[in-house]
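*Asks:* Following this message is one structure expressed as structure tokens.
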Amino acid sequence: MKFGGTSVKDAEAVGRLARIVARERQPRLVVVSALSGVTDALLDAARLAEAGDGTGAREAVRALHRRHEEMAAVVRATERRASLLAALDALFEELTAIVHALAVVEEVSPRSSDAIVAFGELASSRIVAAALEDAGLPARWLDARSLLVTDAQHGAAIPDRAATGERLRSTVGPLLAEGVLPVAGGFVGATPAGITTTLGRGGSDYSAALFGAGLEADEIQIWTDVDGMLTADPRLVAGPRVVPRLSFDEASELAYFGAKVLHPSTILPAVALGIPVRILNSHRPDAPGTLVARSVEGGEGGPAAIACKRGLTRVDIASSRMLMAYGFLRRVFEVFERFRTPVDVVTTSEVSVSVTIDDRRALDGIVAELSTFADVSSEDGMAIVCAVGERLRTDSRLATRVLGALEGLPLAMVSQGGSRKNITVVLRDADAPAAMERLHRRFFEGGRAPAPRETRATA
Ligand code: ADP
Ligand code: ASP
Ligand code: MG
């Protein structure tokens, strides 16, 4: 059971979390994010340290310490609260020492940055473990760094699934068998040598999925602040509906193309073992949520949902020999590989290739290298809008209807992936909200009856 930042943001939220955990029939591993806003605040503290502002960085840490101390009030038993406060004191003392040292040298490496941001999940998991115990549940705090084994790519570490599985089976498995509820922070891991790493923003979902797969759980639950995967990002479209069921492929594509409710890698470990993933609302625990599982039927109807990824850069690469000789694509993609820059959407013609990238840090280097054998131009301020659904594969009219809804908006790229489960367009970022609204109106508003509102069986 993974609880996101808003599901642990204050004492009331932690109370709700405890009630949700208590109604489960069997003991489950509880994975928690940092309290909402804390990861951003820790990154701010790191930036202050890097700028040499030791006082500012320590002040930021002190404010975080106070916020966590206030949360400790959820624990009523005096001794338990005292030991939680002592654990928090120790954590924040260590964090203060780290930011102080980094401010002196005015340097924060990716490795140091991970050491700092990890405190968010280390602290929140302590609070949640104590709160669950206080609610009479047999909870036990575990250090996520002893469970999640990763490589040393700080900030976006790659998990070692086999090693993580072994750790889980030897430590968490026996606890669950005894009826204990282990509690650990998400997002955080460590290299085999014990150096702290993190999985990238939003990575607690990924931790939960890795843990679920490692334990061969019967279900992975992602508890958040919305009713499930919605037909569109609620921050862009008014009144999206809950999607009751999604296939693994549909959920992956939606997450990858901007549905923030799931970290894009979350589905991978679940797919490997066919473990269903449920997205649930911690404010409305009886709502059915979204079930992501192996198969859903194709057939008639519209896409499952639409998604949008903004603030992208398009790179157009034209072969200077005016012909796409074989080997050209390989050379193009080798450049992106060398600069470790993932490409989101690709379209090609006889003489040119266009790609979009999210991470433009290496753009200058990429353009310079590509220019040695191609004509290159790039444009910022682009967005991807995509419609996703198994039915796009089975109903050939859907792609036309998607494009029809966008009539009049200038499209820079159009693509349908090999799976034919999505249709993706790239357009100006400024047009993205209009495109989302139009697609949502065409496929999800009016006409179809709303999804049945069954409630989830409770323990
Ligand atoms: P958590 O802290 O629980 O991990 P996140 O903020 O990471 O929560 O993700 C939940 C948020 O994702 C929602 O509040 C919503 O604003 C956003 N979101 C974007 N697209 C979608 C979508 N298609 N369905 C549901 N939520 C979405
Ligand atoms: N706390 C981390 C973040 O804000 C990880 C997560 O919440 O999933 O990115
Ligand atoms: Mg999240």
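The values are calculated or read from the model by the stated rules, or taken from the named source; none is laboratory data. Only a predicted model underlies this, so the values are computations on that prediction, with no experimental measurement involved. A quick note on method: Cβ atoms are made from the backbone with ideal geometry, for glycine too, and the neighbour counts reach across all protein chains shown. Accessible surface areas use protein heavy atoms only, side chains included; no ligands, DNA or RNA. Shrake-Rupley method; radii C 1.70, N 1.55, O 1.52, S 1.80 Å.
*Asks:* Tell me, what is the per residue accessible area of the range 340-394 in Å², probe radius 1.4 Å? Write out the running numbers ahead of the final one.
*Replies:* Working: 2500 Å² over 55 residues.
It amounts to 45 Å² per residue over the range 340-394.
*Asks:* Also, quick follow-up: Taking the Cα centre of the range 25-128 as the origin, how large is its charge dipole in debye, to the nearest 20, when only Lys and Arg (+1) and Asp and Glu (-1) carry charge on their Cβ atoms? Let's see the in-between values first.
*Replies:* On the way: 12 positive and 15 negative charges, 148 e Å.
Value, rounded to 20: 720 debye.
*Asks:* Any chance you could count the Lys pairs in the chain whose alpha carbons are under 19 Å apart, treating pairs 8 or more apart or on different chains as valid? Display every interim value, and only then the final one.
*Replies:* Numbers: LYS2/LYS260; LYS9/LYS260; LYS260/LYS309; LYS309/LYS421.
Pairs that pass both the separation and distance tests number 4.
*Asks:* Name the longest site-free stretch of the chain, where the excluded sites are trypsin sites (Lys or Arg not before Pro) in a DSSP loop with no more than 14 other beta-carbon atoms within 10 Å. The partial results should precede the final answer.
*Replies:* Values: sites that count: ARG23, ARG25, ARG76, ARG235, ARG294, ARG321, ARG340, ARG361, ARG420, ARG448, ARG453, ARG456.
It runs 77-234.
*Asks:* Lys and Arg at +1, Asp and Glu at -1: add these up for the other residues within a Cβ distance under 14 Å of SER349 and post the number.
*Replies:* On the way: positive: none; negative: ASP316, GLU350, ASP375.
Summing Lys/Arg as +1 and Asp/Glu as -1 gives -3.
*Asks:* Within the range 11-30, list the residues whose amide N lies under 13 Å from a label point set 7 Å along Cα→Cβ of ARG80.
*Replies:* Counting backbone N atoms under 13 Å from the label point, the list is 15, 18-19, 22.
*Asks:* For the range 93-170, how big is Rg over Rh, using alpha carbon atoms and the Kirkwood form of Rh? Each step should come with its number before you reach the end.
*Replies:* Values: Rg = 15.5 Å, Rh = 14.6 Å.
So for the range 93-170, dividing Rg by the Kirkwood Rh gives 1.06.
*Asks:* Can you give me the Rg/Rh ratio for the range 347-436, using Cα atoms for both radii and the Kirkwood formula for Rh? Before the final figure, lay out the partial values.
*Replies:* Working: Rg = 15.0 Å, Rh = 14.7 Å.
Result: Rg/Rh = 1.02.
*Asks:* Normalized C-alpha radius of gyration of the range 308-349, against 2.2 N^0.38 Å? Could you put the intermediate results ahead of the total?
*Replies:* Values: Rg = 11.8 Å, N = 42, 2.2 N^0.38 = 9.1 Å.
Taking N as the residue count of the range 308-349, the ratio is 1.30.
*Asks:* Kindly state, to the nearest 0.05, the FRET efficiency for GLU70 paired with VAL351, given R0 = 56 Å and r defined as their beta-carbon distance.
*Replies:* Details: r = 62 Å, r/R0 = 1.11.
The value I calculate is 0.35.
*Asks:* Hey, another quick one. What residues have an amide H closer than 5 Å to that of GLU390, excluding those fewer than 5 places away on the same chain, when H is modeled at 1.01 Å from N in the peptide plane?
*Replies:* Amide H neighbours of GLU390, under 5 Å, 5+ apart: ALA304.
*Asks:* Continuing with this model, one more query. How much length is gained on full extension from LEU273 to ALA430, taking 0.36 nm per residue of separation minus their Cα-Cα distance? If you can, show how the numbers build up before the last one.
*Replies:* Working: separation 157, 0.36 × 157 = 56.52 nm, distance 4.05 nm.
The LEU273-ALA430 span can extend by a further 52.5 nm.
*Asks:* Please list, in chain and number order, the residues 5+ apart from TRP141 or on another chain whose amide H is under 5 Å from its amide H, with Hs placed from the backbone.
*Replies:* VAL183
*Asks:* Here's something else I'd like to know. What would the Debye formula give as log10 I(q)/I(0) at q = 0.15, 0.18, 0.19 Å⁻¹ for the alpha-carbon point model of the range 279-384, no solvent?
*Replies:* Normalising to I(0) and taking log10 leaves -0.73, -0.86, -0.92.
*Asks:* Amide H of THR150: which non-local residues (sequence gap of 5 or more, or other chain) have their own amide H closer than 5 Å, using H built in the peptide plane?
*Replies:* ASP160, ALA190, THR191
*Asks:* While we're on this one: What are the ³J(HN,Hα) couplings of the range 390-398, residue after residue, when phi is run through the Karplus curve with 6.51, -1.76, 1.60 and θ = phi - 60°? Round to Hz, x for glycine and proline.
*Replies:* Each residue of the range 390-398 in turn: 4, 5, 5, 6, 9, 10, 5, 6, 4 Hz.
*Asks:* Here's another thing I want to ask about it. Multiplying the sequence separation of GLN26 and ALA152 by 0.36 nm and subtracting their Cα-Cα distance, what value in nm do you get?
*Replies:* Numbers: separation 126, 0.36 × 126 = 45.36 nm, distance 3.50 nm.
In short, 41.9 nm is gained.
*Asks:* Compute the Rg to Rh ratio over the range 143-284 from the alpha carbon atoms, using the Kirkwood formula for Rh, and round to two decimal places. The partial results should precede the final answer.
*Replies:* Numbers: Rg = 15.5 Å, Rh = 15.7 Å.
Rounded to two decimals, Rg over Rh is 0.99.
*Asks:* Right, here's the next one. At 222 nm, what value in deg cm²/dmol follows for the chain if DSSP H runs of at least 4 each add -39500 (n - 2.57) and the sum is divided by all its residues, to the nearest 500? Please report the intermediate quantities before stating the final value.
*Replies:* On the way: 15 runs with 180 residues, N = 459.
So the helix-based figure for the chain works out to -12000 deg cm²/dmol.
*Asks:* Nearest 5 percent is fine: what portion of the DSSP beta bridges confined to the chain is antiparallel? Walk me through the intermediate numbers first.
*Replies:* Details: 41 of 60 bridges.
Here the antiparallel bridges make up roughly 70 percent for the chain.
*Asks:* Oh, and also: Fully extended, how many nm does the chain gain between GLU379 and ARG19 (0.36 nm per residue separation, minus their Cα-Cα distance)?
*Replies:* Working: separation 360, 0.36 × 360 = 129.60 nm, distance 4.96 nm.
Gain in length upon complete extension: 124.6 nm.
*Asks:* Let me ask another. For the range 275-285, in order, what is each residue's ³J(HN,Hα) by Karplus, 6.51 cos²θ - 1.76 cosθ + 1.60 with θ = phi - 60°, in whole Hz (x at glycine and Pro)?
*Replies:* Residue by residue, the range 275-285 yields 7, x, 10, 10, 9, 9, 9, 5, 7, 9, x Hz.
*Asks:* On to the next question. How many Å³ per residue does the convex hull of the Cα positions in the chain occupy?
*Replies:* So the per-residue hull volume is 155 Å³.
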